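Q: Pasting a structure here, questions to come.
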Amino acid sequence: MDARVLLRRYLEQRRELGESELVLDALNVEDVMRLLGATGRSVAPTETRLSVRELAGEQSDDWRTALHDAGVIGDTPIPGPRAAPTPAETTRAPSPAPNKRLAFPPEPIGPTNAAEPADEIAARKEIVAPRGIVVAPRGIVIGSGEAELIPGAIDSLDSLEAIARQVKKCTRCSLSATAINPVPGEGNPNAELVCVGEAPGAKEDETGRPFIGQAGQLLTKILEAIDLPRDQVFICNVLKHRPPANRNPLPEEVEACSPYLIRQLELIKPKVIVAFGTFAAQTLLNTKTPLGQLRGLIHQYHGIPLIVTYHPAALLRNPAWKRPTWEDVKLARRILDSSPRS
């Protein structure tokens with residue numbers, strides 16, 4: 001099949017997944033040519049293979065140039081090399097990009113079949129490197145692995161118990177006046193996986209424990225299905241008090257309460273975070289991107305891999321979401337299994 005047809009099909013796949021950008025300069029030319037199923041130019045055994053940036057020219061990072069030079073695309077207009085930077089450009093400090101989207105290995109492409117089993121489609125979406133290392137599309141990166149997550153008095157709380165005591169007497173927002181009990185979270189203080197939801201519900205408000213209603217029972221079953229008993233993980237919410245009538249949290253409530261969650265994550269130092277639901281995902285990743293576009297990516301939260309999936313309460317309303325949620329938690333399990341042992 002013509003390489004351009006394959007490339008067009010690949011781009012259509014990325015568009016269907018909600019991707020608006022295509023970054024290929026993290027791949028070398030051979031990777032791109034294999035992706036397209038093209039042979040390109042022959043390379044002598046002793047010839048050094050150049051990177052995409054080198055093939056595109058010393059000052060160019062346009063991947064189309066590399067494909068053209070490799071003989072994969074023959075009729076695509078090739079942009080000229082960029083002009084040398086001015087002295088002002090070389091001294092200007094780079095702009096911060098807290099939500100930078102990284103380049104990632106694209107999924108394999110090829111002939112598609114509308115009747116293709118869901119298992120095969122899911123398997124094609126994720127690439128597993130040798131030695132059990134999970135390689136999947138990378139998502140949003142928040143902070144760095146070394147940076148302190150929060151400042152102020154909450155940062156001095158030195159244990160999960162101390163955080164729970166502080167939450168119990170917290171009046172940082174108005175929710176403390178309407179809730180029955182605070183719900184700081186519970187579980188293993190040394191958990192390798194942390195589950196983060198939105199806010200406590202009625203049952204949680206009555207008991208002070210997270211995820212114990214119908215949605216919580218479903219979460220327990222999901223965790224058991226990936227061989228993680230509930231007592232081995234840590235479960236909490238962005239908000240530590242229930243919003244009246246389960247309404248959506250207000251921005252000022254999130255601002256007041258999220259430092260507790262951040263400090264919990266800093267103390268636990270999990271190997272994986274799973275954000276259940278749009279609100280938890282968008283809060284942790286500081287984004288308004290829809291949940292559907294956040295799924296299937298490995299985000300980074302201060303150096304911790306973060307997976308996004310549907311909230312268990314949503315699965316009770318829409319059982320069709322159970323299958324994609326299962327794929328998401330299996331990805332979290334594979335990341336966990338590939339992490340270095342403590």
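The values are calculated or read from the model by the stated rules, or taken from the named source; none is laboratory data. If you're wondering where the values come from, they're calculated on a predicted model, not measured in any experiment. Positions of Cβ are backbone-derived with ideal geometry, glycine not excepted, and every protein chain shown enters the neighbour counts.
Q: Yes or no: residue 196 assigned to a loop (DSSP other than H, G, I, E, B), of a type in the set (Val, Ile, Thr) and closer than 22 Å to residue 253 by Cα? First the steps, then the outcome.
A: Working: assigned to a loop (DSSP other than H, G, I, E, B): no; of a type in the set (Val, Ile, Thr): yes; closer than 22 Å to residue 253 by Cα: yes.
No; evaluated as a whole, the condition is false for this residue.
Q: Filtering the stretch 153-188 down to residues that are among the hydrophobic types (A, V, I, L, M, F, W, C) and more than 20 Å from residue 199 (Cβ to Cβ), which residue is modelled with the lowest pLDDT? Break it down into steps so the answer makes sense when it comes.
A: Within the stretch 153-188, the first condition is being among the hydrophobic types (A, V, I, L, M, F, W, C), and the residues that meet it are 153-154, 157, 160, 162-164, 167, 170, 173, 175, 177, 179-180, 183.
Within this subset, residues satisfying the condition of being more than 20 Å from residue 199 (Cβ to Cβ) are 153, 157, 162.
On the way: 153: 73, 157: 91, 162: 95.
Per the stated criteria, the residue is 153.
Q: Could you say whether any residue in the stretch 270-279 is without any contact (Cβ under 8 Å) to a residue 60 or more places away in the chain and not in a helix (DSSP H, G or I)? Walk me through it before giving the result.
A: Step one: list which residues in the stretch 270-279 are without any contact (Cβ under 8 Å) to a residue 60 or more places away in the chain, which gives 278.
With the extra rule that they be not in a helix (DSSP H, G or I), the set shrinks to none.
No: the stretch 270-279 contains no residue that is without any contact (Cβ under 8 Å) to a residue 60 or more places away in the chain and not in a helix (DSSP H, G or I).
Q: Another question, if that's okay. With the checklist (1) surrounded by fewer than 20 Cβ atoms within 10 Å (Cβ to Cβ); (2) farther than 21 Å from residue 200 by Cα in hand, flag the one item residue 295 doesn't pass.
A: Every condition holds for residue 295 apart from (1).
Q: Right, another one. Only one of these conditions is not met by residue 235: (1) surrounded by fewer than 17 Cβ atoms within 10 Å (Cβ to Cβ); (2) at negative phi. Which number is it?
A: Residue 235 satisfies all of (1) surrounded by fewer than 17 Cβ atoms within 10 Å (Cβ to Cβ); (2) at negative phi except (1).
Q: Could you please find all residues in the stretch 212-266 being in a strand (DSSP E or B) and either among the aliphatic types (A, V, I, L, M) or under 19 Å from residue 305 (Cβ atoms) (or both)?
A: 234, 235, 236
Q: Also, quick follow-up: Among the residues of the stretch 293-308, is any in the same structural domain as residue 236 (by TED's automatic domain parsing) and in a helix (DSSP H, G or I)?
A: yes
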